[in-house]
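Engineer: Supplied in structure tokens, the structure appears directly below.
The values are calculated or read from the model by the stated rules, or taken from the named source; none is laboratory data. Since this is a predicted model, take the numbers as computed values, not measurements. Here the Cβ positions follow ideal geometry from the backbone for every residue, glycine too, while neighbour counts run over all protein chains shown. Surface areas here come from the heavy atoms of the whole protein model, side chains and all, with no ligands, DNA or RNA. Shrake-Rupley method; radii C 1.70, N 1.55, O 1.52, S 1.80 Å.
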Amino acid sequence: MAETGEFVRDTRYLNERITADGREGWPVEAGRYRLVVARGCPWANRTMIVRRLLGLEPALSMGICGPEHDWRSWTFDLDPDERDPVLGMHWLREAYEIAVPGYDRGVTVPAIVDIPSRGVVSADFRQITLDMEAEWGVYQRDGAPDLYPDGLRDEIEEVSALVYEDVNNGVYRTGFASTQAAYEEAYNQLFARLDWLSDQLATRRYLVGDTITEADIRLWPTLVRFDAVYHGHFKCNRNKITEMPVLWAYARDLFQTPGFGDTIDFVQTKEHYYRVHTDLNPSQIVPAGPDTSGWLTKHGREELGGRPFGDGTPPGPPPVPERVPAERGAH
């Protein structure tokens, strides 16, 4: 937290890379690594979406932490005996401490863990998805879309930088501000950017180009959590996303696209924010709403054209153990 009351995110992630040629010491190998996520976390949600769209499930297994954690670590409390069945650990911190003895920073998801050593290789959410797209090609499914096209990378990064600062991290800067001035600055930047995004998306189906790209995958996890969490819990309350017609239609369009909405557990998302941030919600009461049935209504975005997967095809359904129960998604 800055002296001005502004929330400052710690981005000192473990950031080694897994590459096709192993040039940084970690070669791409099917079955060697485990992607650790939590369904409540928007940063982890990005990696879940990319893994689904590219069809990497057979090559890169996934461990799912429970929605709650304390200062020590995320935990695998959803699994039998509250231990990840592959890594054999309860606390994700164990994997960080194996990688860096005496590790003294935050334990975050997503994290990619080397199964043989049980140590974290990378927790850099930005690089993880880019490497899934560029380095894991040999294990991508037939029909996997190009989510980071060569000719659009500069534009994707330009748009994504604005989205990260004002929206993805902006909701946290709003919610965790400790002075009125810091709160209002973050709040104003957040809604100014959402208005800008509404203008951009009024005449185009996707943020960059005519297909789904990294830019959409980086924005959408914030939008899908907005009304359920950020509007009330983080005081981002000028509008709900359901009250912003363009963004609401865009968010529904992606929710109904295979690989997006099927990663969302609204119950775990609310449990995470409302029970973990006890400074903001001392009672730990989890709201019963909002109604999620609207996510399944028609969005009309097809009229703008665009091809969701470009020359590729939609992914198949999630593996059975990774499916979200119907009552926890949109229903």
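Engineer: In segment 14-47, which residues are charged (D, E, K, R), more than 30 Å from Val267 (Cβ to Cβ) and in contact with an Asp or Glu (Cβ under 7 Å, 6 or more places away or on another chain)? Let's see the steps before the verdict.
Structural biologist: Restricting attention to segment 14-47, the residues satisfying the condition of being charged (D, E, K, R) are 16-17, 21, 23-24, 29, 32, 34, 39, 46.
Those still in the list that are more than 30 Å from Val267 (Cβ to Cβ) too: 16-17, 21, 23-24, 29, 32.
Within segment 14-47, Glu16, Arg17, Glu24, Arg32 meet the criteria.
Engineer: Right, another one. For segment 229-240, what are the residues that are in a helix (DSSP H, G or I) and either of a type in the set (Lys, Arg) or surrounded by fewer than 23 Cβ atoms within 10 Å (Cβ to Cβ) (or both)?
Structural biologist: Just the residues of segment 229-240 that are in a helix (DSSP H, G or I), to begin with: 229-233.
Correct list: His231, Gly232, His233.
Engineer: Hey, among the residues in segment 78-92 that are among the charged types (D, E, K, R) and open to solvent by 60 Å² or more (accessible area, probe 1.4 Å), which one's farthest from the chain's Cα centre (by Cα)? Lay out the reasoning, then the answer.
Structural biologist: Our first condition is that a residue be among the charged types (D, E, K, R); within segment 78-92, this holds for 79, 81-84.
If we keep only those that are open to solvent by 60 Å² or more (accessible area, probe 1.4 Å) too, we end up with 81-83.
Numbers: Asp81: 27, Glu82: 23, Arg83: 23 Å.
Taking the candidates together, the pick is Asp81.
Engineer: Same structure, new question: For segment 242-253, which residues satisfy the criterion of being aliphatic (A, V, I, L, M) and surrounded by fewer than 24 Cβ atoms within 10 Å (Cβ to Cβ)? Spell out the reasoning first.
Structural biologist: Step one: list which residues in segment 242-253 are aliphatic (A, V, I, L, M), which gives 244, 246-247, 249, 251.
Matches in segment 242-253: Met244, Val246, Leu247, Ala249.
Engineer: Moving to a separate point now. Can you name every residue in segment 310-329 that is under 19 Å from the mean Cα position of the chain (by Cα) and within 24 Å of Leu207 (Cα to Cα)?
Structural biologist: Listed by number, the list holds a single entry, Pro315.
Engineer: Would you call Thr211 within 25 Å of Ala330 (Cβ to Cβ), touching a residue at least 60 places away in the same chain (Cβ under 8 Å), of a type outside the set (A, V, I, L, M, F, W, C) and assigned to a helix (DSSP H, G or I)? If you could, list the steps in order and put the result at the bottom.
Structural biologist: Working: within 25 Å of Ala330 (Cβ to Cβ): yes; touching a residue at least 60 places away in the same chain (Cβ under 8 Å): yes; of a type outside the set (A, V, I, L, M, F, W, C): yes; assigned to a helix (DSSP H, G or I): no.
It is false that Thr211 is within 25 Å of Ala330 (Cβ to Cβ), touching a residue at least 60 places away in the same chain (Cβ under 8 Å), of a type outside the set (A, V, I, L, M, F, W, C) and assigned to a helix (DSSP H, G or I).
Engineer: Identify the residue in segment 45-60 that is out of contact with any helix residue (DSSP H, G or I) (no Cβ under 7 Å at 6 or more places or on another chain) and surrounded by 13 or more Cβ atoms within 10 Å (Cβ to Cβ) and, among all such residues, is nearest to Phe255 (Cα to Cα). Give the derivation first.
Structural biologist: Initial filter on segment 45-60 (out of contact with any helix residue (DSSP H, G or I) (no Cβ under 7 Å at 6 or more places or on another chain)): 53, 55, 58.
From what is left, the residues that are surrounded by 13 or more Cβ atoms within 10 Å (Cβ to Cβ) are 53, 55.
Values: Leu53: 13, Gly55: 18 Å.
Out of the qualifying residues, it is Leu53.
Engineer: Ok, one more. Return yes when Leu280 is of a type in the set (A, V, I, L, M) and either touching a Pro at 6+ places or on another chain (Cβ under 6 Å) or under 22 Å from Leu201 (Cβ atoms) (or both) and no when it is not.
Structural biologist: Values: of a type in the set (A, V, I, L, M): yes; either touching a Pro at 6+ places or on another chain (Cβ under 6 Å) or under 22 Å from Leu201 (Cβ atoms) (or both): no.
No: the conditions fail for Leu280.
Engineer: A further question follows. Which one is surrounded by the fewest Cβ atoms within 10 Å (Cβ to Cβ), of the residues in segment 111-126 that are among the hydrophobic types (A, V, I, L, M, F, W, C) and within 14 Å of Gly88 (Cβ to Cβ)?
Structural biologist: As a first pass, look at segment 111-126 and keep what is among the hydrophobic types (A, V, I, L, M, F, W, C): 111-113, 115, 120-121, 123, 125.
Within this subset, residues satisfying the condition of being within 14 Å of Gly88 (Cβ to Cβ) are 113, 115.
Values: Val113: 29, Ile115: 15.
Per the stated criteria, the residue is Ile115.
Engineer: Search segment 311-324 for residues that are under 16 Å from Gly63 (Cβ atoms) and pair each with any residue that is open to solvent by 70 Å² or more (accessible area, probe 1.4 Å) when their beta-carbon atoms are under 9 Å apart and the residues are at least 6 apart or on different chains.
Structural biologist: Pro319/Pro58; Arg323/Pro317
Engineer: Only one of Ala30, Ala95, Ala38, Ala99 is over 20 Å from Gly259 (Cα atoms) and surrounded by 23 or more Cβ atoms within 10 Å (Cβ to Cβ). Can you tell me which?
Structural biologist: Numbers: Ala30 fails: surrounded by 23 or more Cβ atoms within 10 Å (Cβ to Cβ); Ala38 fails: over 20 Å from Gly259 (Cα atoms); Ala99 fails: surrounded by 23 or more Cβ atoms within 10 Å (Cβ to Cβ).
Matching residue, one of Ala30, Ala95, Ala38, Ala99: Ala95.
Engineer: Check segment 128-141 and report whether any residue there is open to solvent by 10 Å² or more (accessible area, probe 1.4 Å) and on the phi > 0 side of the Ramachandran plot.
Structural biologist: Scanning segment 128-141, I find no residue that is open to solvent by 10 Å² or more (accessible area, probe 1.4 Å) and on the phi > 0 side of the Ramachandran plot, so the answer is no.
Engineer: What is the one condition in (1) within 20 Å of Asp131 (Cβ to Cβ); (2) free of Cβ contacts under 8 Å to residues at least 60 places away in the same chain; (3) touching a helix residue (DSSP H, G or I) at 6+ places or on another chain (Cβ under 7 Å); (4) among the small types (Gly, Ala, Ser) that Ser73 does not satisfy?
Structural biologist: Only one criterion in (1) within 20 Å of Asp131 (Cβ to Cβ); (2) free of Cβ contacts under 8 Å to residues at least 60 places away in the same chain; (3) touching a helix residue (DSSP H, G or I) at 6+ places or on another chain (Cβ under 7 Å); (4) among the small types (Gly, Ala, Ser) is unmet by Ser73, namely (1).
Engineer: Can you name every residue in segment 190-228 that is surrounded by 22 or more Cβ atoms within 10 Å (Cβ to Cβ) and polar (S, T, N, Q)?
Structural biologist: Scanning segment 190-228 gives Thr213, Thr222.
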